[in-house]
1. Could you list which residues have their amide H under 5 Å from that of Gly57, counting only those 5 or more apart in sequence or on another chain, with H placed in the peptide plane?
2. Going by Cα centres, region 57-99 and region 129-175 are how many Å apart?
3. Could you give the length gained by full extension between Ser150 and Ala169, i.e. 0.36 nm per residue of separation minus their alpha carbon distance, to one decimal place?
4. What does the highest-first list of 195-204, 232-241, 161-170 look like by mean Cβ count within 10 Å?
5. Set the Förster distance to 35 Å, then compute FRET efficiency between Asn124 and Ala99 from the Cβ-Cβ distance, nearest 0.05.
6. From the phi of every residue in region 150-166, what ³J(HN,Hα) in whole Hz does the Karplus formula 6.51 cos²θ - 1.76 cosθ + 1.60 yield, where θ is phi - 60° and glycine or proline is x?
7. With each label point set 7 Å from Cα along the Cα-Cβ vector, what nm distance links Ala66 and Lys251?
8. If one computes P(r) from the Cα atoms of region 30-189, what percent of pairs lie at distances over 18 Å?
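The values are calculated or read from the model by the stated rules, or taken from the named source; none is laboratory data. Predicted model, so just to flag it, every value in this text is computed and none were measured. All Cβ positions, even for glycine, are placed from backbone atoms using ideal geometry, and neighbour counts span all protein chains on display. All accessible areas refer to the heavy atoms of the entire protein, side chains included, with ligands and DNA or RNA removed. Shrake-Rupley method; radii C 1.70, N 1.55, O 1.52, S 1.80 Å.
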Amino acid sequence: MHALRPLRPATLALAGLALLIPGLSPAVRAQQLGPVVASTSPALTGPRSNLPKDWVGLRPLSSGVAILVMPGHADSQGFGSGASGEAVALRGARPMDAAISDELFWNLAMVEAVVRLGQARGLNIRSYDPGVRSIANANDARTTWSVGKSHVLAGGYALEIHHDAHGSAGVGSGLIPPISTAPSRIDESLASEFGAFPRWFRDGLGAPKRGIAILEIGKLEGQLEASLRNPTTRQATIETIAQRVVTALEKGVAAQPPQTVITEAVSPPPDVVGSVPRVKDPQASSGAW
Ligand SMILES: [Zn+2]
């Protein structure tokens with residue numbers, strides 16, 4: 001190794017070119033990508049958001065809370081289609097499905113797995129997919145945003161699953177909490193597992209403004225995308241990530257009130273529970289949110 005000797009520009013250019021040649025054997029590519037992968041992709045889902053987490057999810061949800069999981073960009077193909085992914089954008093790979101973005105393809109697969117595993121583990125969880133892939137009016141009653149908003153207003157928890165853009169356009173994995181309601185303990189649990197974005201990320205996105213959380217699974221690049229695209233590792237990759245989502249959902253639903261709220265509350269004798277006015281939870285008051 002000539003570690004102390006700077007590479008000539010021509011050598012650098014050649015090395016960069018080699019990374020883009022699809023025919024190069026995986027071993028060669030892995031060798032060349034080695035230090036990069038090691039420093040930025042400690043987990044299957046790649047780098048987590050390193051943006052500040054300026055919120056705490058404290059709002060409790062009932063143990064049987066209805067959880068609605070939706071694929072991001074399901075009805076916005078053609079105008080906000082979602083990430084194309086590194087393979088398609090940089091390496092000329094064919095899209096997984098020519099009719100939709102690769103991000104939507106993986107969002108759909110992940111939603112299916114999360115709901116299937118969640119139901120098997122006893123969560124009150126279901127999915128919603130408009131089926132119609134291009135709905136111009138975001139407030140059309142069929143969009144994920146409209147259905148999610150109604151679900152949240154009815155007391156449920158709504159989540160859109162996304163995959164982030166590759167390269168510098170993407171941030172990484174993480175949870176973007178709702179804006180129109182106080183972040184809940186489910187939001188906090190998902191952020192603990194996947195990382196967090198600021199609450200007003202990009203001045204507030206369409207889903208959070210309607211009370212719907214966004215989970216960015218990870219950037220559609222590198223090991224995550226390769227593991228998803230490889231037919232021999234695809235299903236195991238989806239199942240592994242979906243298990244993480246479901247476990248985080250379970251922990252969020254089961255989370256107990258923090259100690260401070262318990263000590264502030266007046267505990268009535270057991271025989272009068274239900275007959276005294278509820279102690280107002282300072283975290284659930286509307287003004288600050
Ligand atoms: Zn997205």
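1. The answer is Glu188.
2. Answer, in whole Å: 7.
3. On the way: separation 19, 0.36 × 19 = 6.84 nm, distance 3.12 nm.
Between Ser150 and Ala169, full extension yields 3.7 nm more.
4. On the way: 195-204: 17.1, 232-241: 15.5, 161-170: 19.8.
Per-residue Cβ counts within 10 Å, averaged per peptide and sorted highest first, yield 161-170, 195-204, 232-241.
5. Values: r = 32 Å, r/R0 = 0.92.
That pair, Asn124 with Ala99, gives E of 0.65.
6. 4, 4, 5, 4, 7, x, x, 10, 10, 9, 9, 9, 10, 10, 7, 5, 7
7. 2.7
8. Details: 8385 of 12720 pairs.
Result: 66 percent of Cα pairs exceed 18 Å.
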